[in-house]
1. Just wondering, is there one or more residues in region 67-88 that are among the polar types (S, T, N, Q), part of a helix (DSSP H, G or I) and under 23 Å from T551 (Cα atoms)?
2. Considering only residues that are open to solvent by less than 60 Å² (accessible area, probe 1.4 Å), of a type outside the set (K, R), over 25 Å from K274 (Cα atoms) and touching a residue at least 12 places away in the same chain (Cβ under 8 Å), which ones fall in region 501-523?
3. In region 315-329, what count of residues is obtained for those that are hydrophobic (A, V, I, L, M, F, W, C) and surrounded by fewer than 23 Cβ atoms within 10 Å (Cβ to Cβ)?
4. Do the conditions hold for M151, that is, is it of a type outside the set (V, I, T), assigned to a strand (DSSP E or B) and over 24 Å from the mean Cα position of the chain (by Cα)?
5. Can you name every residue in region 349-369 that is in contact with a helix residue (DSSP H, G or I) (Cβ under 9 Å, 6 or more places away or on another chain), farther than 12 Å from G321 by Cβ and open to solvent by less than 60 Å² (accessible area, probe 1.4 Å)?
6. If you scan region 508-554, which residues turn out to be aliphatic (A, V, I, L, M), closer than 23 Å to L380 by Cα and in a helix (DSSP H, G or I)?
7. Does K307 satisfy being modelled with pLDDT under 95 and either within 17 Å of H203 (Cα to Cα) or buried (at least 19 other Cβ atoms within 10 Å of the Cβ) (or both)?
8. Tally up the residues in region 293-346 that are part of a helix (DSSP H, G or I) and either over 22 Å from L220 (Cα atoms) or touching a Phe, Trp or Tyr at 6+ places or on another chain (Cβ under 6 Å) (or both), please.
Amino acid sequence: MKLRSNFTPGSTPWAMRRAQWTALGLTEADLEKPKIAIVNSSSSLASCFSHLDQIVAPLKAAIAAAGGVAFEVRTAAPSDAITSAGAAGQYILPSRDLIASDIEVAVEGALLDGMVCLASCDKTTPGQLMAAGRLNIPTIIVACGYQPSGMYRGEAVDFEDIFRFAGHVNAGRMTIDELGEMSRCAVTGPGVCAGMGTANSMHLATEALGMALPGTTPVLALGPKMWDAVAAAGARVVELVAAGVTPRSIMTPAAFANAVTAILSVGGSVNCLKHLQAIAVEAGADVDVYRLFEDLAPKVPLLTDVKPNGDTQITAFDAAGGTRGLLRQLAPLLDLSTATVAGDTLGAAIAGVDVDGSVIHPLDAPLATHPAIVVMRGSLAPDGAVLKRTVADDAPLSFRGPAKVVHSRDEGVAAAKAGRFVAGDVIVLTGLGLRGSPGMGLTSALMFAIDGAGLSTSVAVITDGQMSGLVNGGLVIAEVSPEGAAGGPLGLVRDGDTISIDVDARSVALEVDDAELAARRAALPPLAAPAGCGWLSVYARSVAPLGAGATLGRVGGP
């Protein structure tokens with residue numbers, strides 16, 4: 001087998017590699033085998049990935065049994081629950097690109113032959129897929145599972161409930177002691193959030209793309225199905241290296257359309273749009289993911305209502321057939337000829353799968369037919385924005401009202417607590433975009449403060465920041481582009497301006513005449529490039545617009 005990791009005998013790289021790896025215990029035979037990176041985004045900071053270290057040894061053994069040699073490499077390990085504390089959540093999205101670059105440095109620098117990536121919390125999966133597309137070496141993503149949840153005073157409780165009820169404390173509808181007690185019950189083991197947030201949405205999308213072995217998402221962390229997936233991935237990655245099967249041969253435009261269809265059918269996280277676009281950019285795929293969502297949304301019904309979209313638990317979705325069962329139900333809408341890392345087509349992978357149709361509904365008996373994710377455009381969002389709808393969506397489909405402008409999530413939370421917002425308002429949170437924040441700050445705390453104040457169905461919210469994948473409910477338009485701080489119309493909104501929203505028409509408009517907007521724009525100071533060598537400064541100077549997936553190496557835009 002010709003391997004890029006094997007150098008010319010007698011050369012300096014050959015000699016240095018032999019010296020280092022012999023000291024690690026590798027034999028002469030090992031030095032000739034396929035060399036596989038185990039990409040481990042592990043940390044003891046959060047339960048999301050606290051179990052990943054346990055997976056490395058069994059995975060190494062599976063790779064060795066298949067005739068390969070495994071090397072563990074580490075990356076950044078961001079958790080929305082923990083890493084969002086600093087800089088008002090601005091480190092969360094930029095960590096995705098840091099993960100991709102961590103992998104590039106370790107794997108491409110060492111010229112390893114393949115990768116198995118241990119995926120967990122929200123940004124690890126897209127970061128790993130971006131690296132797979134960039135490096136284009138045989139890769140399998142292993143979703144390392146969702147966390148078990150608990151009980152609070154006789155009722156099921158999970159991490160999503162902690163998000164939501166924190167807003168109730170702000171409004172005085174729950175005590176600190178009650179929230180503290182609930183927090184101690186919500187998460188009872190390692191793994192990602194137990195709902196269709198960004199983590200499970202991206203795990204599902206990875207299988208639909210063909211980059212995870214069929215039937216391996218979602219799974220309970222450290223459960224039997226996860227361990228089976230680990231063993232199978234270790235064996236299969238060595239075969240992929242031998243066959244020369246690379247990510248770019250799998251992540252085709254048709255595969256991205258399949259992934260978008262799957263996300264729409266479960267009402268997945270709106271964060272999937274920018275992540276899938278970034279993966280497409282890195283993989284060199286000629287795909288406009290945002291247009292795919294626009295074109296496919298009216299055609300794809302909602303087939304399940306996993307929390308926070310409804311009451312179904314992720315465990316029930318898993319037992320009902322999981323992603324493979326979902327894809328079986330979606331088969332008439334998919335390109336079944338796309339490839340998977342298992343070596344067969346998507347059609348072959350889902351053939352004969354048993355599906356519980358009471359949990360994952362068939363196409364002819366969906367839970368709902370309205371689009372789950374709506375790409376909005378208009379004078380307030382010329383380059384687009386995203387809106388999420390649940391299965392039992394009770395938010396108004398049209399809204400028109402006066403703007404109330406805030407410039408940070410803390411200002412917004414304080415305003416909600418002080419009663420500044422009233423029914424009929426359009427709350428505008430601006431300055432949280434990719435460059436203005438920088439890093440696209442998290443806005444979830446404001447959404448929960450509004451919910452806690454009892455206003456979630458009587459106000460609208462528009463922001464250029466990002467939402468947690470666990471946030472649903474109300475009329476919320478996020479990731480407005482171009483962002484306000486970079487000259488986008490959202491940064492020109494003033495208190496009292498009238499804003500109109502029409503969900504069916506996919507329109508969001510600022511009802512201010514052009515001359516007034518031009519005067520406001522002329523008065524804005526230019527967006528200064530942040531100084532310094534810190535990661536957020538580097539990110540702000542490098543990040544491309546959302547239409548390019550917010551990847552690094554700015555392409556177009558202000």
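1. Yes, that holds for at least one residue.
2. V512, L517
3. 3
4. yes
5. A349, L363, P366
6. Within region 508-554, A515, L517, A518, A519, A522, A523, A540, L546, A548 meet the criteria.
7. Judged against the criteria, K307 is a match.
8. Adding up the residues that qualify gives 13.
The values are calculated or read from the model by the stated rules, or taken from the named source; none is laboratory data. Owing to the predicted nature of the structure, the values given are computational and were not obtained by experimental measurement. Positions of Cβ are backbone-derived with ideal geometry, glycine not excepted, and every protein chain shown enters the neighbour counts. Calculation scope for accessible area: heavy atoms of the full protein, side chains included, ligands and nucleic acids excluded. Shrake-Rupley method; radii C 1.70, N 1.55, O 1.52, S 1.80 Å.
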